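Report on the structure given below.
The values are calculated or read from the model by the stated rules, or taken from the named source; none is laboratory data. Everything quoted here is computed from the prediction, not taken from an experiment. Cβ placement follows ideal geometry from the backbone for every residue including glycine, while neighbour counts extend to all protein chains displayed. Surface areas here come from the heavy atoms of the whole protein model, side chains and all, with no ligands, DNA or RNA. Shrake-Rupley method; radii C 1.70, N 1.55, O 1.52, S 1.80 Å.
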Amino acid sequence: MTNVAERLRSGVVVSCQAYPGEPMRDPDTMARVARAAQDGGAVGIRAQGLTDLVRIREATDLPLIGLVKEGNSGVVITPTLGLALEVARAGSDIVAIDATGRRRPDGSATADIVRAVHEETGRLVMADVATHEEGLAAVAAGADLVGTTLSGYTPTTTGGEGPDLDLVESLAGALDVPVLAEGRVHRPEQVTEALRRGAFAVVVGTAITHPATLTSWFVAAARADGGE
């Protein structure tokens, strides 16, 4: 296992992402959020967007899981081989890609992207999957890490209120690469349970870095209790 991956062991990776139209949609803001996460004890950062990755790389020396999101449906996370190489060259230590087996816009396969990233940049590849079978296939294609990121976000999977801990456990028991729990991790006890069930590390995003969503949770609770 590489030193970069080892640095993530048993820790929390904070996803620092904001999207067009959101008040925090600014690379420098995301870099500050990443620094704040580091101050809080994060072992790594996950972020999207080439400019964001460059700024965050300048702001912190934590392992950086990078990606680019394009489109609104289908393969959105680093959808092409070319983008995967750009993500690596923007300062990412680990390139996150959609490894669900759905067709990519450029027709590339997971193995094509893994090979190119390894040979041309020396970076690692994290396969974001939705099912056990996809995780196995991603590792067979050469992926260095696997994340449960897309469970509940594909046509063949259904998401619950929390992370897919059953998928975390099944993949951790079957694979010899790090398995990261990601997706709908909203409470500290879910981090504890994910690690207990075999997660190498846990990615937390919305519950730490998305103020609008956090505010909406509290507002909904107030309204449910009879507030205006």
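Here are the numbers for this structure:
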quantity: All positions within segment 13-59 that are of a type in the set (K, R) and either in contact with a His (Cβ under 6 Å, 6 or more places away or on another chain) or not in a loop (DSSP other than H, G, I, E, B) (or both); calculated: R32, R35, R46, R55, R57
quantity: Every residue from segment 143-183 that is out of contact with any Asp or Glu (no Cβ under 9 Å at 6 or more places or on another chain), more than 18 Å from A96 (Cβ to Cβ) and at pLDDT 95 or above; calculated: D166, E169, S170, A172, G173, A174, D176
quantity: Unmet requirement for V54, which otherwise passes all of (1) touching a helix residue (DSSP H, G or I) at 6+ places or on another chain (Cβ under 6 Å); (2) of a type in the set (A, V, I, L, M); (3) open to solvent by 10 Å² or more (accessible area, probe 1.4 Å); (4) farther than 24 Å from T100 by Cα; calculated: (1)
quantity: Residues located in segment 33-64, provided they are more than 15 Å from the chain's Cα centre (by Cα) and of a type in the set (D, E, K, R); calculated: R35, D39, R55, R57, E58, D61
quantity: Single match in G11, G66 (criterion: without any contact (Cβ under 8 Å) to a residue 40 or more places away in the chain and small (G, A, S)); calculated: G66
quantity: Breaking point among (1) open to solvent by 10 Å² or more (accessible area, probe 1.4 Å); (2) at pLDDT 95 or above; (3) in a loop (DSSP other than H, G, I, E, B); (4) closer than 20 Å to A127 by Cβ, for S10; calculated: (4)
quantity: Failed criterion for A181 (all others in (1) surrounded by fewer than 22 Cβ atoms within 10 Å (Cβ to Cβ); (2) among the hydrophobic types (A, V, I, L, M, F, W, C); (3) within 14 Å of the chain's Cα centre (by Cα) hold); calculated: (1)
quantity: From V76, V139, V117, V125, residue being open to solvent by less than 20 Å² (accessible area, probe 1.4 Å), at pLDDT 95 or above and within 27 Å of P155 (Cα to Cα); calculated: V125
quantity: Subset of segment 142-155 (residues that are surrounded by 15 or more Cβ atoms within 10 Å (Cβ to Cβ) and not hydroxyl-bearing (S, T, Y)); calculated: G142, A143, D144, L145, V146, G147, L150, G152
quantity: Filter result for the condition that a residue is closer than 26 Å to E120 by Cβ, outside any strand (DSSP E or B) and touching a Pro at 6+ places or on another chain (Cβ under 8 Å), over G91, G71; calculated: G71
quantity: Qualifying residue in segment 28-42 (condition: within 18 Å of L145 (Cβ to Cβ) and surrounded by 20 or more Cβ atoms within 10 Å (Cβ to Cβ)); calculated: yes
quantity: Out of T158, T100, sole residue that is without any contact (Cβ under 8 Å) to a residue 12 or more places away in the chain, open to solvent by 10 Å² or more (accessible area, probe 1.4 Å), not in a strand (DSSP E or B) and not charged (D, E, K, R); calculated: T158
quantity: Residues (within 18 Å of the chain's Cα centre (by Cα), more than 18 Å from A201 (Cα to Cα) and either assigned to a loop (DSSP other than H, G, I, E, B) or charged (D, E, K, R) (or both)) located in segment 108-130; calculated: R123
quantity: Selection within segment 166-178 - part of a helix (DSSP H, G or I) and either open to solvent by less than 30 Å² (accessible area, probe 1.4 Å) or in contact (Cβ under 8 Å) with a residue 24 or more places away in the chain (or both); calculated: L167, V168, E169, S170, L171, A172, G173, A174
quantity: Segment 13-27, residues that are among the small types (G, A, S) and either open to solvent by less than 20 Å² (accessible area, probe 1.4 Å) or under 20 Å from A199 (Cβ atoms) (or both); calculated: S15, A18
